[in-house]
Every structure is written in structure tokens, then in C-alpha cells.
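A.B. asks: Dumping the structure here so I can ask a few things about it.
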Amino acid sequence: MIFVTVGSADPFDRLIRAIDEWAGLRGRKDIFAQIGNSRYVPRHIEAVQFLTPSEFRERVRSARLVVAHAGMGSIITAMEAGTPMIVMPKWASLGEHRNDHQVATARHFGQKPGIIEAIDEKDLIVKLEREEALSSPTAIAKVASPDLINAIREFIAGNTKDSKTEDLELAVR
């Protein structure tokens, strides 16, 4: 199954329309989409507006491929599950988002194993046609490593001391 998700914030009709038209042309019946507040109503794929977090995680885990907007929640969930994905960013210039942070996100994560960046609808279709060639990413841990947690803890402790705190520590010694 191919699982398509647009996130829960803004509609992404361009992505849903491209997938739906591709599925219709190819006779694909194995596509399920979470379409949010889409104005486009798919005719060839099964779709729901929203999923609960547990339903979302299960769809990602059971999918052969995830096709998503370049939202961090979708990307991290697919990486945790080790599910290959194609990410297509929402563009501010097309009124799909408030800024182009998803363009940078897609570009960055598109360099990781198992994640492919699709710049636009045409590029998405090219990547979908080669879906069998996609490699699976190495699954990431669901929690931060103890080393990372300690590094963050030390960083915070080192940056929150002011001169009064340092004076107090010296007085206590």
C-alpha cells in the first residue's frame, strides 16, 4: 500500500490531485490518503480527512511507501518505521504555506537514504514510476540517546548561569 499524507495544518490539493490522477491512469487501487482540509475530492484513491495519531503511525508502518508533504511529523514517523518516502514541499508562492521552510526540509531530508525529494507534481510522478527502486531508510530510535540528552543538559546548564549564580557557587565552595 502507498500511504499519502498532507498533514493537518493546510490543504495540499496539488499533491492529492497528482496522486489521484496517477492512480486513475495506472489503475492503482492500493493507495490510501489522509487529505486534511483538501478542496480537491479524490476519485481514484481511498481517502479520509484526518487520522488519529495511532491510526497514522499504523498506516506508515504498514505502507510500502509514504508520499507526504515535507512536514517534520510525517518525515520522523516514516524514519522511525523505516518506511521509504517521497516528500513534496508545499510552496508559499502557491499559497500552500506561510513560508518556504518545507522546501529546505525536503531538500535536506531528500539527501538521506530512503527519502526522495519531489520538487513538483511532474517530478513526483517520475519518482512514483520508480517506486520499486526506492531503498528503505535505516529506522531511527523513537527516543534520544543518553549521550544527546546529556549534551543538551550540559549545554543548558552552561548557558543558564549568570554572574550571581557563579558567585553563589563560589561562596558555597
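A.B. asks: Does Gln102 satisfy the condition of being among the polar types (S, T, N, Q) and assigned to a loop (DSSP other than H, G, I, E, B)?
C.D. replies: Here the answer is no, as Gln102 does not meet what is asked.
A.B. asks: Another question about this same structure. Taking into account only those residues within segment 61-80 that are within 15 Å of Gln34 (Cα to Cα) and more than 8 Å from the chain's Cα centre (by Cα), which is surrounded by the most Cβ atoms within 10 Å (Cβ to Cβ)?
C.D. replies: Checking each candidate, the answer is Val67.
A.B. asks: Let me ask another. Take the conditions of a type in the set (A, V, I, L, M), surrounded by 13 or more Cβ atoms within 10 Å (Cβ to Cβ) and touching a Leu at 6+ places or on another chain (Cβ under 9 Å) and apply them to Val4. Does it pass?
C.D. replies: On the way: of a type in the set (A, V, I, L, M): yes; surrounded by 13 or more Cβ atoms within 10 Å (Cβ to Cβ): yes; touching a Leu at 6+ places or on another chain (Cβ under 9 Å): yes.
Answer is yes for this residue.
Only the coordinates and a few stated rules stand behind these numbers; no lab work does. Worth saying up front: this structure is predicted, and the values here are computed from it rather than measured. All Cβ positions, even for glycine, are placed from backbone atoms using ideal geometry, and neighbour counts span all protein chains on display.
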